[in-house]
Protein chains: 4
Amino acid sequence: MTNVKLAVVFYSMGGTNYQLAKWAEEGAKETGAEVKILKVQELAPQSVIEGNEVWKATVDATKDVPVVTSDDIEWADAIIFSVPTRFGNMPSQMKQFLDTQGGLWASGKTVNKVVSAMTSAQNPHGGQEATLLSLYTSMMHWGAIIATPGYTDPVIFGAGGNPYGTSVTVDQDGKMIEDVQAAVKHQAKRTVQVAEWVKKGNQ
Amino acid sequence: MTNVKLAVVFYSMGGTNYQLAKWAEEGAKETGAEVKILKVQELAPQSVIEGNEVWKATVDATKDVPVVTSDDIEWADAIIFSVPTRFGNMPSQMKQFLDTQGGLWASGKTVNKVVSAMTSAQNPHGGQEATLLSLYTSMMHWGAIIATPGYTDPVIFGAGGNPYGTSVTVDQDGKMIEDVQAAVKHQAKRTVQVAEWVKKGNQ
Amino acid sequence: MTNVKLAVVFYSMGGTNYQLAKWAEEGAKETGAEVKILKVQELAPQSVIEGNEVWKATVDATKDVPVVTSDDIEWADAIIFSVPTRFGNMPSQMKQFLDTQGGLWASGKTVNKVVSAMTSAQNPHGGQEATLLSLYTSMMHWGAIIATPGYTDPVIFGAGGNPYGTSVTVDQDGKMIEDVQAAVKHQAKRTVQVAEWVKKGNQ
Amino acid sequence: MTNVKLAVVFYSMGGTNYQLAKWAEEGAKETGAEVKILKVQELAPQSVIEGNEVWKATVDATKDVPVVTSDDIEWADAIIFSVPTRFGNMPSQMKQFLDTQGGLWASGKTVNKVVSAMTSAQNPHGGQEATLLSLYTSMMHWGAIIATPGYTDPVIFGAGGNPYGTSVTVDQDGKMIEDVQAAVKHQAKRTVQVAEWVKKGNQ
């Protein structure tokens, strides 16, 4: 059993990425990893959220999920990010979290974190690749080690074959179209496994 | 009717991108554009091609299609590229063509070409976004003007909603899974339209 | 003289991108364009800004600059973005502005805007290319027309030869290392010129 | 001392990337790694090379360097790529090598290779970031583990601060402008170190 510490950091407006995060937690726990599910700070005003039933429901459903801090990133051996795509890039809420980690970055404490990422979009090709790649570009600045799924397991093909990370299409009613649960779990296990190698080697 | 000159430059191993190119030609001709369909030079040895039935059939089917030259790029007001994805990037055959346009580039003759691109892959998220973006990065070096479909027509949503260019998933038997014909035609018309604006303005 | 309307939309913490924006304005005005310089909404709390002398000075210097709205984007024929790089991507402040333009996007009013972008970083290769490319990816979702400088003028080589847009390195004291003023002005003129062609053609 | 096997795979026309490869070899050997320096197959016809003195000299200087094969990639625990930028992307010669590794990829033998990359360009911002990122996108398809330098050592700042990999600007006479030797060695050591962790853990 591993002793890897995994932070699953998500932003979710409609619930999809919270669900992906929970599946990642399940997969990681099967390997024995210690897992924290963490949300990033919302930037939208409460009044806007109140006017959107689905959004409000997600905020309610995640109200007990802690907001991620620099301490969580420092704590983690591995990080899995999960965000919806916004115009082919991560949402501002996640970017704001990354941008405010300058102090942690400058102290060298982001180095050698093992990372991967997940995403969702309303269109099959509406940024599901580009958004993941945008996260990895930032992670290279952090000195992180990037371990994407590639095609390391047959479940990836069934989930749309995204080598950069699990991604899912969400229909107008907020339902996921592809069944990506197994792919998410595989990704979580792979991320933890690589993190375990790094952690052991780096001791 | 437009007097735009459009070069549709493709690489095709299994026939998909040749078909996309022909649909683009059809769409563009409906606007009155003058269209050349052009293939890039194959790099694989003949013996390898002979050993692959589908590949051989495509080479046969395209044997009368001219190989694109610098003169064709100079001639064109607009260019639509169509290539399969190879590990999230354009195939070497197309890259080789771009790389050998250094002379044309240095003379300034690539500037203000209006461009867009199309692609295909075996997996829905197997590089269908990343490959198109790789082409546009190179086109920025050329001083080209990039006019992707975005979400400028409802047919784009039906074709998978790729704002970077039409893309299609091809199954094991080489059949296209989504019906992208209308999206390709729309893309061709949009590329020609923007090229017409640029051409008129630039005279 | 052109009748193009140009919005120069920037985020600036240390003053560099505000200066780039003003040079872009100067260049654009020489062509007769109508120009609005606009800042994006700050996300940092006032207390944090107060604790940073340079940041506070920039906030003071830009206090009369209007905050950009959807109406400004609708108004504009052309947009030039100017942002510092944050981990190889645009800052959250700019991303937040883009993300909140969903209504404008859904109404089709972002289509055919002619765009280019500028950036700054503390390291020569600290995201000066990646940040510009991240903005263009989002602009493809908007259906914008991307007209980067490429190598359309010799001044670009003198400014570091960034074909994706003017970029500048800023030292520890906040001073720009390369002289990019001429490159910025050229970029602004080029963006306006392409926008003029599109505007005339599109009428 | 490590027992990591490192393949340094380069393409070089003017000698720069061959030099970078040799510095990487030096750095890696200091850690005890077993290193192979390997070139990719040239695509240009001999007659073109003969007409270019510098190119011819590089071909002569590297005539005893073996051409990389699938067996070399299978052999390697770690890979460092070194290529000049060609329009913001790797050269066709390197892409051709990657494209022809489909068999190795399909057999799963590209998985968990630890990779990083280096590049050169004539302009400081002429693709030095974009080219490295294009290589990493392909490596994610391979299931490789990406370990870029980030800002893991002060020598990186002195070499231009490229977190994606060491990059260097080459002047008209083919001379490197920045002194990147220490950064290359650091990158090589870091790539080997991460590969060692992965290799030990994966046994």
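Values as computed for the structure displayed
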quantity: Dimensionless Rg ratio for the protein assembly as shown, taking C-alpha atoms and the 2.2 N^0.38 Å reference; calculated: 0.88
quantity: Label spacing, shortest first and in nm, from C:GLY174 to its equivalents in the remaining copies (7 angstrom along Cα→Cβ); calculated: 4.5, 4.6, 6.4
quantity: Gyration tensor (alpha-carbon) shape descriptor, segment D:5-201, a/c threshold 1.5; calculated: oblate
quantity: Under 24 Å from A:LYS175, Cα to Cα: lysines that are on another chain or at least 8 residues apart; calculated: A:LYS22, A:LYS39, A:LYS56, A:LYS63, A:LYS185
quantity: The protein assembly as shown, dipole about Cα centre (Lys/Arg Cβ +1, Asp/Glu Cβ -1), debye to the nearest 20; calculated: 0 debye
quantity: Sequence ranges A:48-59, D:189-200, ranked by mean other-Cβ count within 10 angstrom, highest first; calculated: D:189-200, A:48-59
quantity: Computed FRET value (nearest 0.05) for A:GLU53 with B:PHE157, which takes r as the C-beta separation and R₀ as 22 Å; calculated: 0.40
quantity: Copy-to-copy label separations for C:GLU53, where each label sits 7 Å from Cα toward Cβ, in nm and ascending; calculated: 5.4, 5.6, 7.7
quantity: Likely footprinting exposure, D:VAL155, B:VAL115, fewest C-beta neighbours within 10 Å first; calculated: D:VAL155, B:VAL115
quantity: Percentage relative contact order, segment A:119-203, counting C-alpha pairs under 8 Å, at least six apart; calculated: 29 percent
quantity: Farthest positive-ward along segment C:5-201 dipole, Cα basis, beta-carbon charges - from C:VAL48, C:GLY14, C:GLY160; calculated: C:GLY160
quantity: Derived scalar couplings ³J(HN,Hα) [segment C:144-153; Karplus, 6.51 cos²θ - 1.76 cosθ + 1.60; whole Hz; x for Gly, Pro]; calculated: 6, 9, 9, 10, 7, x, x, 10, 7, 7
quantity: For the axis carrying chain D to chain C: nearest C-beta residue of D, whole Å; calculated: D:GLU129, 2
quantity: Calculated label separations, D:ASP72, copies of the chain, 7 Å along the beta-carbon direction, nm; calculated: 3.2, 4.5, 5.3
quantity: DSSP beta bridges in segment A:49-195 [antiparallel fraction, %, rounded to 5]; calculated: 10 percent
quantity: Gap separating the Cα centres of segment B:1-74 and segment D:85-122, nearest whole Å; calculated: 26 Å
quantity: Sequence of D:TYR164, B:TYR136 once ranked by neighbouring C-beta atoms within 10 Å, starting from the fewest; calculated: B:TYR136, D:TYR164
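A short reminder: the numbers here are calculations on the coordinates, not readings from a lab. It should be emphasised that the depicted structure is a prediction, and the values quoted were computed from it without experimental measurement. Heads up, the Cβs are rebuilt from the backbone with ideal geometry, glycines too, and the neighbour counts pull from every protein chain shown.
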